[in-house]
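*Asks:* Handing you a structure now.
Throughout, read-outs are computed from the coordinates displayed, never taken from laboratory work. Given the structure is predicted, the values throughout are model-derived calculations rather than measurements. Methodologically, a virtual Cβ is constructed for each residue, glycine included, from the backbone with ideal geometry; neighbour enumeration extends over all protein chains shown.
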Amino acid sequence: MTKFTRALTPLRCACPFIVLIVCIVSNGLMKTTNSLTKSAGGDETARIERNGENEDPSADENVSSEQQAQTSLGRGNATTRTAKKEQRRKNVLFIIVDDLRPQLGAYHDPEHPDYFSKLRMHTPNLDELASRSVVFTRAYAQYSLCGPSRTSLLTSRRPDTTRVYNNEHYWRDVGGNFTTLPQHFKNNGYTTIGLGKVFHPKFSSNKDDPPSWTEPYYRPTYTDRHYMPKGAVGGWNVAGNEQVDKVPLIDMAITEKAKRMLRKLSAEVASGEHHFFMGVGFNKPHVHIVCPERYFDLYPLEDEDNFLPNKTWQKPVIRPYAEFDGTEIGDGERILSPDVLRHFRRAYFACISYVDDLVGEILRELEELGLHKNTVVSFMADHGFHLGENRAFAKITTWEVANRVPMIIRIPGVTDSGRVSSSIVESVDIFPTLVEAAGLDPIPRCAKKSSRVMLCTQGTSLMPLLEGRDTPVKDAAYSQIRHPFRTRYTVRTKNFRLVDTAFVKSVPLRNGKCKQYAKWPQNTTFTELYDHGKDILEETNLVNDPNYRDIVTGLRRQLQRFVSDQLF
């Protein structure tokens, strides 16, 4: 480490929100040193490999021919075992959707029809996928914002390990040189293809994380903003059929590219000797919300009550959100009228059905090519989205609606009968799960301090649940959002959600890293407790209810222990 970067360490620790600027400068100064270090490491590796060649028994004149034959036989058996193991491997189709809460037909809960909407979503393709998959009804993101959430699930590290708390920072700069999900498949000989929004783009992934892919990354160079006339009501609009014919919507272009890539790959993988990992990221229903008119027709406005959340929250408060600037939502008062909310929710529902159609196109292509017989399919979202629930709009909260996500996983020959799992799982679990589902060796668990470990997981493989075992793999899910100098943490158990605030302090160390500490208030001023056995909408904070005093104490202690183990 140079004197300059060491001098910058206190600045990085004191203000994590300007760490990107520091990293850009310091990395530039350290490139030469890193290159020399890597070269030295490469020479050392080559030297070890050359020395290893001399350990070949067949090269030793004193080794008998019988020993040489046994050695050759052993090598042949090892080669055969490796080849058989590779033939048992499966391809992976990983689909991730932006800002999608688990409001799909397969997730419709007749016992709680008012949770999201009285309307059942029109999602026949995802419902069909769900019928041959395990549907996880209690899956939770680790952060309700795109960049931190995607970084966490694609590295299988929690946000306090990646040190990514916004959409600007790149984990390889601020957290560690962690291996990603597609990169791990690449390192195991897979062809890896990325399309659309898999990682959060630009700074937070250094432009879609080049080390993760064997093929050039595909991201359409245009956006759907040209469909958004200035002052469009509520940040949504209808795309006319003629417009779409001239310039396809961005998710349409991604779908067509995915289908072309599958056709290209089919000949290579038919023999079973080659495998692929394809990541497909859809942008909708992220704002601006635009989709073809026919999807709006699925949700007529005649029954107005169907398009409003629980009656308690008729006028939600919108947090400042740059994506809504120039729209009716982004101008004037921050209280949404029922009319604006009703139309926005309808547009959101339409986009759900739009994405369902696009997913269906890809799945049909997979089946027509015969690839479905040996391809694991995973469908999930980066986080949820408030549409008036909890008097909130958009995301970046610690409540259920912003952190609960859809997660559907299909493994040919394993999940064909279809199952629903109510076990608590987390987005950070998807990495080790897909690795094992595809037939690769399990990912090792991370030690407490793992910033220098490239490959390990802070999640848990969900294979026991996918294989039909009922034993829960974990008893709680943890999420967080960060504000300057404080973090809101939440723990979700089977029956309760507790939210609390820690004041996180970073102290510079001599090695240039930062040690993080969490200071928790003694009182419960910033604490929330919700009983999901009685209050699935999280309307009533029970933290001061004497009947729940022991629950609050126990869950606070559990949350604080967990956070302490994550910070380093």
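*Asks:* Take each of the peptides 96-103, 244-251, 338-345, average the number of other beta-carbon atoms within 10 Å over its residues, and list them starting from the highest.
*Replies:* 96-103, 338-345, 244-251
*Asks:* Now, a different point. With a cut-off of at most 15 other beta carbons within 10 Å, and DSSP calling the residue loop, which chymotrypsin sites (Phe, Trp or Tyr not before Pro) in the range 454-504 qualify? Please list them.
*Replies:* Working: sites: TYR478, PHE485, TYR489, PHE496, PHE503; in loops: PHE485.
Qualifying residues, ordered by number: PHE485.
*Asks:* I would also like to ask the following. What distance in nm lies between label points placed 7 Å from Cα along the C-beta direction at VAL507 and TYR222?
*Replies:* 5.6 nm
*Asks:* So, one more: For the peptides 441-452, 353-364, 259-270, 199-210, what is the packing order when you average, over each peptide's residues, the other Cβ atoms within 10 Å and list the highest mean first?
*Replies:* My ranking of the peptides, most packed first, is 353-364, 199-210, 259-270, 441-452.
*Asks:* If you place +1 on the Cβ of every Lys and Arg, -1 on the Cβ of every Asp and Glu, and leave all else neutral, what size is the dipole of the range 370-458 about its Cα centre, to the nearest 20 Debye?
*Replies:* The dipole of the range 370-458 has a size of about 240 debye.
*Asks:* Then there is this: Could you order peptides 149-156, 407-414 by the average number of other Cβ atoms within 10 Å of their residues, highest first?
*Replies:* Packing order, densest peptide first, comes out as 149-156, 407-414.
*Asks:* Mind listing the phi-derived Karplus ³J(HN,Hα) values for the range 263-277, rounded to whole Hz, using 6.51, -1.76 and 1.60 with θ = phi - 60°, and x for any glycine or proline?
*Replies:* 5, 5, 7, 4, 5, 6, 8, 4, 6, x, 8, 10, 9, 10, 10
*Asks:* Using the Karplus curve 6.51 cos²θ - 1.76 cosθ + 1.60 with θ = phi - 60°, what ³J(HN,Hα) values do you get for each residue of the range 278-293, in whole Hz, with x for Gly and Pro?
*Replies:* Couplings: 10, x, 10, x, 8, 7, 8, x, 4, 6, 6, 8, 9, 7, x, 4 Hz.
*Asks:* Among the listed pairs LYS90/LYS259; LYS264/LYS373; LYS207/LYS264; LYS395/LYS534, which have their C-alpha atoms separated by more than 29 angstrom in this model?
*Replies:* In this structure, no pair lies more than 29 Å apart at Cα.
*Asks:* Grab the beta carbon distance between GLN522 and ASP109, set R0 = 22 Å, and tell me the FRET efficiency rounded to 0.05.
*Replies:* 0.05
*Asks:* In terms of modelled amide H atoms, which long-range or inter-chain residues lie less than 5 Å from the amide H of TYR143?
*Replies:* Correct list: GLN480.
*Asks:* Further, regarding this structure: In this model, which of LYS448/LYS494; LYS197/LYS257; LYS474/LYS505 are farther than 21 Å apart at the alpha-carbon?
*Replies:* Checking Cα-Cα distances, LYS448/LYS494; LYS474/LYS505 exceed 21 Å.
*Asks:* Subtract the Cα-Cα distance of LYS207 and GLU256 from 0.36 nm times their separation in residues, and report this length gain in nm to one decimal.
*Replies:* This chain segment gains 15.5 nm when fully extended.
*Asks:* If a/c stays under 1.5 just call it rounded; otherwise compare a/b with b/c (prolate if a/b is bigger, oblate if not). Do that for the range 439-516, with a ≥ b ≥ c from the square roots of the Cα gyration tensor eigenvalues.
*Replies:* In terms of gyration-tensor shape, oblate.
*Asks:* Give me the distance in nm between label points sitting 7 Å out from Cα along the Cα-to-Cβ direction at ARG549 and VAL247, one decimal.
*Replies:* Here the modelled spin labels are 6.4 nm apart.
*Asks:* Place a +1 charge on the Cβ of each Lys and Arg in the range 521-561 and a -1 charge on the Cβ of each Asp and Glu, then give the dipole magnitude about the Cα centre in debye, rounded to the nearest 20.
*Replies:* On the way: 5 positive and 7 negative charges, 68 e Å.
Using Cβ point charges on Lys, Arg, Asp and Glu, the range 521-561 gives about 320 debye.
*Asks:* Full extension from ILE536 to PHE485: what is 0.36 nm times the residue separation minus their Cα-Cα distance, to one decimal in nm? All intermediate terms of the calculation are to be shown ahead of the outcome.
*Replies:* On the way: separation 51, 0.36 × 51 = 18.36 nm, distance 3.05 nm.
Here the segment from ILE536 to PHE485 would lengthen by 15.3 nm.
*Asks:* Under 5 Å between amide hydrogens, which residues at least 5 positions from LEU336 or on another chain qualify, with H placed 1.01 Å from N in the peptide plane?
*Replies:* Long-range HN contacts for LEU336: ILE318.
*Asks:* Taking the Cα centre as origin and putting +1 on Lys and Arg beta-carbons and -1 on Asp and Glu beta-carbons, what dipole magnitude results for the range 458-508, to the nearest 20 debye?
*Replies:* Value, rounded to 20: 320 debye.
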